[in-house]
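Following: one structure in structure tokens, then a few remarks.
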Amino acid sequence: MLPQKFIILDFDSTFIQVEAFDELGKISLVNNPNKEQLVKQIEDITNQGMNGELSITTSLMERIKLLQAKKSHLYVLIKELQNKITPSIKHNANFFKQFADNVFIVSSGFKEYVLPIVASLGIRESHVFANTFIYDKNDNIIGLDESNLLCKNKGKVEVVRNLNLSGDIYVIGDGYTDYEISEALSKTKFYAFTENITRKLVVDKADYIIPNFDEFLYQNDLPMSISYPKNRIKILLLENIHPVAYALLKDEGYTIESLKSGMNEDELCEKIKDISVLGIRSKTSVSKKVLDNAHKLMAIGAFCIGTNQIALDEATKHGISVFNAPYSNTRSVVELVIGEIIMLMRKVIAKNNKLHQGIWDKSAENSYEIRGKKLGIIGYGNIGSQLSVLAESLGMHIYFYDTIEKLHLGNAKKCNTLDELLQISDIVTVHVDGRLENEHLIGKKELSLMRDNAIFINLSRGHVVDLGALVASLKSGKFLGVGIDVFPYEPKNNQEEFVNELRSFENVILTPHIGGSTEEAQLNIGEFVARRIINYINMGDTTQSVNLPNVQLPVLQNAHRLIHLHANVPGILAQINQLFAKHDINVLWQSLRTNEQVGYIITDINKTFDTALIDQLRRITHTIKFRVLY
């Protein structure tokens, strides 16, 4: 920062996350039977003062009376506040130490607790301006030094004026009194600080609104502890993704927009232009056209199991990492399959419907136990294998078929062909992915191979089953029962009518694609995918990425991390290291991982680099994306 530029920082709800007076009230009134009422009164007075509705003197004196505090309470308060320094302030401690000549704290709070907190980040005592308490002989706080300008209206204005700062002044705060400084003094800009609290009156008066201190440093091209303000990373969540994902991403400081519905291709093409991370479920299609418009997109989070709705090859070409949740809803799907098997074997749906019509149909005809029955599982992945274990524990005999060699669990037996499995199974359940090769995997021929009076269940993908052939088989009386959770066409929202020929069969259980829709599963998915996204943005960690080489990275400490994604051609690593040598860069740690399409190089260095190095790394032929983290 140039010597002629100065920063005036507020303390309460700016330097720290809370209002110190409110916290002091919680401490001093802990044994008071009217604690909650008194603390609420203190908070109300604080807000009235911050919004300019009460004079500063009145606000301070009324709160001091309500506090009933002693000097000993201040020691407890200071300890509490040390853990409540605003995150973006705290992680930029080096900035305050480097530019100590240019930073001032001007607060209507009290120096007794302000100074110990700000001094821990390198703020000079001579640059701290605040009120001071008055005590009685028993160390009770009974008032304040009324000669101090900061207990008077527009006191902050006078304090800053008396500093005689010959240059531009940047005032950063959350209260009306902070705005008054910029209103009264020329060459002063007011930044409304909203990381901890947003006061509409203050925001409306501000020259700039900053959600954190990183944004202030970024706007003014000042040294930051991180490479890019997190609030500038925009995340779009579609299809009613679980709130836990929103909360985790919001806590990181990203800017989040969450919508309950999905978007069609044209809508998404327009919306995605300034989006850094996209979160979807199964209904939103991320096509090549969408990705061609995604100029800032770094990652896609598929908050579901499958990723067939995403053009993965195109995402890789654009350097966009894709994450999903391959395990998080496995148990939920398996439990629904078991439940449907039992209900279909016992004809529960048909008997339930009759009973609701007043028809008492007490009969054991065509009702069976599942013990001893042969369960055929098509697709022995995460869901199929867990279903295998659970079903065997219920006494079923398990057979499975998979195109990939899989280790069987328990007493499960592998079938060499799909036809073999279909012919021997009493119950057939499908658990394959949605790749195009699996379209109509179960068609007229496959349905005809199944045993008469068998049960068929599909909780995988709608296009896996030839719906017309299934309807024909049902009309012929082929099946004891059928359970279908997925369909070739599914309504876009809950308001659209579900139109399907299967609605007319009483021995068919229809569910609206809810195989993984339990509170537990959606919470697990939301948390799992959100954490993968956070680790990728913050550290470059690609663990469990669907399309990029998987690299588990350590937390970045005291170093710069350079991330280079490129087409998988020979010689890229050599070119990068030649540039490091040319610029006399010492490599602390380096990793290269590749797949068929791309290479992913991560390098941690401990030396400040110049822009020439960055430009040269970006210009290496076959570079897809380059990022710097610090």
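What the table below lists for this structure:
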{"item": "Condition check for residue 344: of a type in the set (A, V, I, L, M, F, W, C), modelled with pLDDT of 95 or more, outside any loop (DSSP other than H, G, I, E, B) and touching a helix residue (DSSP H, G or I) at 6+ places or on another chain (Cβ under 6 Å)", "result": "no"}
{"item": "Subset of the range 208-231 [part of a helix (DSSP H, G or I), under 18 Å from the mean Cα position of the chain (by Cα) and under 20 Å from residue 562 (Cα atoms)]", "result": "230"}
{"item": "Some residue of the range 13-27 being among the small types (Gly, Ala, Ser), touching a strand residue (DSSP E or B) at 6+ places or on another chain (Cβ under 6 Å) and either free of Cβ contacts under 8 Å to residues at least 60 places away in the same chain or outside any helix (DSSP H, G or I) (or both)", "result": "no"}
{"item": "Residue match in the range 515-529 (condition: closer than 30 Å to residue 590 by Cβ and under 28 Å from the mean Cα position of the chain (by Cα))", "result": "yes"}
{"item": "Filter result (part of a helix (DSSP H, G or I) and charged (D, E, K, R)) within the range 47-71", "result": "62, 63, 65, 71"}
{"item": "Failed criterion for residue 378 (all others in (1) surrounded by fewer than 18 Cβ atoms within 10 Å (Cβ to Cβ); (2) touching a residue at least 12 places away in the same chain (Cβ under 8 Å); (3) closer than 29 Å to residue 468 by Cα hold)", "result": "(1)"}
{"item": "Check on residue 406, assigned to a loop (DSSP other than H, G, I, E, B), buried (at least 16 other Cβ atoms within 10 Å of the Cβ) and not assigned by TED's automatic domain parsing to the domain that holds residue 287", "result": "yes"}
{"item": "Residue check, residue 337 touching a Gly at 6+ places or on another chain (Cβ under 6 Å), in contact (Cβ under 8 Å) with a residue 60 or more places away in the chain and within 25 Å of residue 375 (Cα to Cα)", "result": "no"}
{"item": "Test: residue 422 is among the aliphatic types (A, V, I, L, M) and buried (at least 22 other Cβ atoms within 10 Å of the Cβ)", "result": "yes"}
{"item": "Qualifying residue in the range 464-485 (condition: in a loop (DSSP other than H, G, I, E, B), within 23 Å of residue 435 (Cα to Cα) and among the charged types (D, E, K, R))", "result": "yes"}
{"item": "Unique match (being surrounded by 14 or more Cβ atoms within 10 Å (Cβ to Cβ) and under 30 Å from residue 265 (Cβ atoms)) among 493, 500, 507", "result": "500"}
{"item": "Restricting the range 582-630 to residues that are of a type in the set (Asp, Glu) and loosely packed, with under 14 Cβ neighbours inside 10 Å, the residue that is nearest to residue 565 (Cα to Cα)", "result": "596"}
{"item": "Elements of type helices (runs of 4 or more DSSP H) in the range 72-187, at least 1 residues being under 22 Å from residue 22 (Cβ atoms) and of a type in the set (Val, Ile, Thr)", "result": "87-90, 111-119, 176-184"}
{"item": "Strands (runs of 3 or more DSSP E) lying entirely in the range 539-630 (those with 3 or more residues that are closer than 21 Å to residue 277 by Cβ)", "result": "560-567, 598-605, 623-629"}
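The values are calculated or read from the model by the stated rules, or taken from the named source; none is laboratory data. What you are looking at is a predicted structure, and each value in this text was computed from that prediction instead of being measured. We place every Cβ from the backbone using ideal geometry, glycine too, and count neighbours over all the protein chains shown.
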